[in-house]
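Below: the structure, in structure tokens.
The values are calculated or read from the model by the stated rules, or taken from the named source; none is laboratory data. Here the structure is a predicted model, which is why all the values come from computation and not from measurement. Here the Cβ positions follow ideal geometry from the backbone for every residue, glycine too, while neighbour counts run over all protein chains shown. With ligands, DNA and RNA removed, areas are computed over all heavy atoms of the protein, side chains included. Shrake-Rupley method; radii C 1.70, N 1.55, O 1.52, S 1.80 Å.
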Amino acid sequence: MPITKAQIESHGLKIEEYKKIKELLGRESNLLELGIFSAMWNEHCSYKSSKIHLKKLPTENKIVIQGPGENAGIVDIGDDDAIVFKIESHNHPSFIEPYQGAATGVGGILRDVFTMGARPIALMNSIHFGSPENEKTQNLLSGVVSGIGGYGNSVGIPTVGGETKFNSTYNENILVNAMAIGHVNKNKIFYSKAKGLNKPVVYVGSKTGRDGIHGATMASAEFDENSEEKKPTVQVGDPFTEKLLLEACLELMRDNSIISIQDMGAAGLTSSSIEMASKGKLGIELNLNKIPCRENNMTPYEMMLSESQERMLIILDDEKEEEAKKIFDKWDLDFVVIGKTTDTKRLILNFDDKKVADIPIEALAEKAPLYERKWTKSKSSKNKVKIKDLKKIKIEDALVKILSSPNHSNKSWITDQYDQVVMCDTVQKSGGDAAVVRIHNKNKAVAISVDSSANYCNVDPKTGGKQIVCENWRNLISVGAKPLAITNCLNFGSPEKPKVMGEFVGCIEGMKEACEYLNFPVVSGNVSFYNETNSKSIFPTPVIGGIGLIENLNKIINIKIKKTGNLVMAIGKTLGHIDQSAFLQENFSIDNGPPPEINLVNEKNNGLATLRLIKENLVISAHDISSGGMLVSLAEMSISSGLGLKIFKPKKLINSLEYFFGEDQGRYLIEISKDNQKKIEKYLKTNNIFFEIVAEVQNDTFEMEKTFSLKTKELQNCNNKWYSKFNATN
């Protein structure tokens, strides 16, 4: 029976795309084959609208072992150690079913890491919700946080931090981006490229059910008022089975049994088998009657497109099959040989002694559509806000308003639901600029930070793209880490809209410039398009997950000021850029105007100078100056420690509000002792680094002479109250 137009469209394919499918097959497809094409050709799997632009990003340097193209990126951190990491989105499923959507997002990113031979050592996340006043926000926040904590805590991997933000742009399209970090011996890395003929293809893990069918296709389509009906496409996770699968895979990886291994993630068995065969230039033949199913009478269509969780596909050395099975039997997991590799370069599926699908592998992979979408360049607003035109506001009132706002409030209500110290290697938890996790039994650690800045990207995508890379770079430096590499999750609306595509192109260009100049390559990532409902797109939201290396655990610092009498120095010049600032947004609901400019020369010089001072033990605590400006950053240092600060008035001819709340980039706050002041100043002057002394540490008062005086406890109270009040009914 011929495929109908309605069937084509229900699979998320264009009529023109189906015509291409018929050309590649030389015939009409059947429904199973149509489903397979729809899974492999959607945005989530094929990157058909983003690939030509993603290739512009720098992905290599001397420490990169594996860049984009595998399950996760890998960087060398010396001593035969390597770090495996990646971030991915689970946005649509989390909006439809917040607990399971978020939980399975965590499960999927963990499998991307341990499928490469790495033991996961940490989780991070970036979660974005609509306005707190929106009727859905409270339940979505509660469900997502519970899902992240429920899965990570149960599988026994510490969730060490991340970010949570609110903006009405996410009212109907929340973002849930999960990041996982793993540690592996660089000589024991596993890849997904199939090798050898007639090698057994083995299904391991949980049984296949009907959950998640068309999950990848759903993630590549915008929402409408009927989005609730898509709940069946959301997977259901089981973290306890994931733990068993993790341990079984890592045990099998101790010898040379595995030829290749791939997580059954988006598009399930379809994508895992095709990706392995495509990378190895081989064919693959499967007997679907052998698939372990947990439901009766499952069809080949359902088996191939199910996204049931906690499953892996392995190509084994045929002499090691019996030993491998013993390992999975021990961990009480399915282990079934379901097929073999072939020299046909085709995907052949058999069921009930009949061939039910026969597709050239390259038709599903290399010959998938590749679009150069039309795009329009975004124009940044030039209308700058003038302080003199605003209603007068006291500095302390503006500060309190920012510190007690949803986006700047203490996030402990969230992070307390995450086990941050399981595995006993968490050196620095959430609450600072970056988390720090020790490499087990060694005196070195990795720093991890996740960042986004949608408001900057919305008004100037290129500048916003640069800024978010630089923000991540500063966060890693602020804990004493040398920045190594990043992963990204690029969240946008429909690529079929020239405006949205222009935002994407602009962000990529900005990221490219920053990554190249800072030698901060992109080694993995994910693109999430169609984040919109009823044709209304979210703000462009690129999320950056970065890692840095701390070679000596004794060199770690944090945000907490330590000793009365010490000085706080600002590194980097303050010009008072107030547009797009938290000051304007939280106090005046103004969100137009250009973002602050990014000077990459200053970013690099200021960052490396700060890192050098940290390594020479001249910095006692540090914090980057970002959202909220200098005064908010000083307050955060005071809040975290309980100590106060005596803040000095600016000497320059600049408005105090602009000086203290401006969000100029490339700046740091460092606590120093007076004994080291001259030495530090000499070094900075020699290297042409701008600096100024901005405060002195004191007991418990946060104040500026003749301007304001607040007890540190007052700052802590106003910073803590929003979440407890918002979630009081939960």
Of the candidates 123, 110, the one satisfying the condition of being within 18 Å of residue 242 (Cβ to Cβ), in contact with a Ser or Thr (Cβ under 7 Å, 6 or more places away or on another chain) and among the hydrophobic types (A, V, I, L, M, F, W, C) is 123
Output for Cβ contacts, cut-off 7 Å, separation at least six or different chains, first residue at negative phi in the range 682-703, second assigned to a loop (DSSP other than H, G, I, E, B) and open to solvent by 40 Å² or more (accessible area, probe 1.4 Å), reads 690/573; 693/648; 694/648; 695/648; 697/563; 697/564; 698/564; 699/564
Could you grab me the full set of residues in the range 533-550 that are in a strand (DSSP E or B) and touching an Asp or Glu at 6+ places or on another chain (Cβ under 6 Å)? 533, 544
Got a sec? Which of 164, 159 is surrounded by 23 or more Cβ atoms within 10 Å (Cβ to Cβ) and in contact (Cβ under 8 Å) with a residue 60 or more places away in the chain? 159
Kindly list the number of the only condition in (1) over 26 Å from the mean Cα position of the chain (by Cα); (2) under 17 Å from residue 690 (Cα atoms); (3) buried (at least 21 other Cβ atoms within 10 Å of the Cβ) that fails for residue 567. (3)
Being buried (at least 21 other Cβ atoms within 10 Å of the Cβ) and in contact (Cβ under 8 Å) with a residue 40 or more places away in the chain is the filter here; which residues of the range 13-26 pass it? 21
Restricting attention to the range 587-604, which residues are open to solvent by 20 Å² or more (accessible area, probe 1.4 Å), within 26 Å of residue 402 (Cα to Cα) and under 26 Å from the mean Cα position of the chain (by Cα)? 591, 597, 598
Checked 349, 403 against criteria (surrounded by 18 or more Cβ atoms within 10 Å (Cβ to Cβ) and closer than 30 Å to residue 13 by Cα); the one match is 349
If a residue must be among the small types (Gly, Ala, Ser) and touching a Phe, Trp or Tyr at 6+ places or on another chain (Cβ under 6 Å), how many such residues does the range 1-43 contain? 1
Number of the condition not met by residue 560 [criteria: (1) touching a strand residue (DSSP E or B) at 6+ places or on another chain (Cβ under 8 Å); (2) surrounded by 24 or more Cβ atoms within 10 Å (Cβ to Cβ)]: (2)
List pairs: first in the range 588-606 and over 17 Å from residue 627 (Cβ atoms), second among the acidic types (Asp, Glu) and open to solvent by less than 70 Å² (accessible area, probe 1.4 Å), Cβ under 7 Å, 6+ apart or cross-chain? 600/513
Pick from 376, 344: which is surrounded by 13 or more Cβ atoms within 10 Å (Cβ to Cβ), in contact with a strand residue (DSSP E or B) (Cβ under 6 Å, 6 or more places away or on another chain) and in a loop (DSSP other than H, G, I, E, B)? 344
From 152, 212, 130, grab the single residue that is touching a helix residue (DSSP H, G or I) at 6+ places or on another chain (Cβ under 9 Å), open to solvent by less than 20 Å² (accessible area, probe 1.4 Å) and modelled with pLDDT under 95. 212
Looking at the range 628-639, is at least one residue open to solvent by 50 Å² or more (accessible area, probe 1.4 Å) and over 21 Å from residue 392 (Cα atoms)? yes
Can you pull out the residues in the range 267-325 that are in a strand (DSSP E or B) and open to solvent by 10 Å² or more (accessible area, probe 1.4 Å)? 285, 287, 293
If we take the range 411-505, then helices (runs of 4 or more DSSP H) inside it with 1 or more residues that are of a type in the set (Lys, Arg), buried (at least 19 other Cβ atoms within 10 Å of the Cβ) and touching a residue at least 24 places away in the same chain (Cβ under 8 Å) are 461-477
Within the range 106-119, is there a residue that is farther than 25 Å from residue 267 by Cα and among the small types (Gly, Ala, Ser)? no
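Yes or no, residue by residue, for (1) at pLDDT 95 or above; (2) of a type outside the set (Asp, Glu); (3) at positive phi:
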residue	(1), (2), (3)
342	yes, yes, no
345	yes, yes, yes
354	yes, yes, no
374	yes, yes, no
387	no, yes, no
437	yes, yes, no
442	yes, yes, no
Residues in the range 27-86 that are in a loop (DSSP other than H, G, I, E, B), open to solvent by 30 Å² or more (accessible area, probe 1.4 Å) and not small (Gly, Ala, Ser): how many? 13
Being closer than 21 Å to residue 439 by Cα, among the hydrophobic types (A, V, I, L, M, F, W, C) and open to solvent by less than 10 Å² (accessible area, probe 1.4 Å) is the filter here; which residues of the range 99-123 pass it? 109, 110, 113, 114, 116, 118, 122, 123
Residues of the range 326-339 being open to solvent by 60 Å² or more (accessible area, probe 1.4 Å) and under 35 Å from the mean Cα position of the chain (by Cα), which ones? 329, 330, 331, 332
Quick check: is even one residue across the range 555-569 among the β-branched types (Val, Ile, Thr), more than 30 Å from residue 178 (Cβ to Cβ) and in contact with a Gly (Cβ under 6 Å, 6 or more places away or on another chain)? no
Before we move on, is residue 244 of a type in the set (A, V, I, L, M), modelled with pLDDT of 95 or more and open to solvent by 50 Å² or more (accessible area, probe 1.4 Å)? yes
The correct count of residues that are touching a residue at least 60 places away in the same chain (Cβ under 8 Å), under 28 Å from residue 455 (Cβ atoms) and in contact with a Phe, Trp or Tyr (Cβ under 7 Å, 6 or more places away or on another chain) in the range 102-137 is 3
Please verify whether residue 391 is at pLDDT 90 or above and either among the acidic types (Asp, Glu) or assigned to a loop (DSSP other than H, G, I, E, B) (or both), treating the condition exactly as stated. yes
Determine if the range 351-370 includes at least one residue that is touching a helix residue (DSSP H, G or I) at 6+ places or on another chain (Cβ under 9 Å), farther than 30 Å from residue 43 by Cβ and assigned to a loop (DSSP other than H, G, I, E, B). yes
Within the range 698-714, identify whether any single residue is of a type in the set (Asp, Glu), assigned to a helix (DSSP H, G or I) and open to solvent by 50 Å² or more (accessible area, probe 1.4 Å), and answer yes or no. yes
Could you identify the single residue in 430, 404 that is in contact with a Cys (Cβ under 7 Å, 6 or more places away or on another chain) and not aliphatic (A, V, I, L, M)? 404
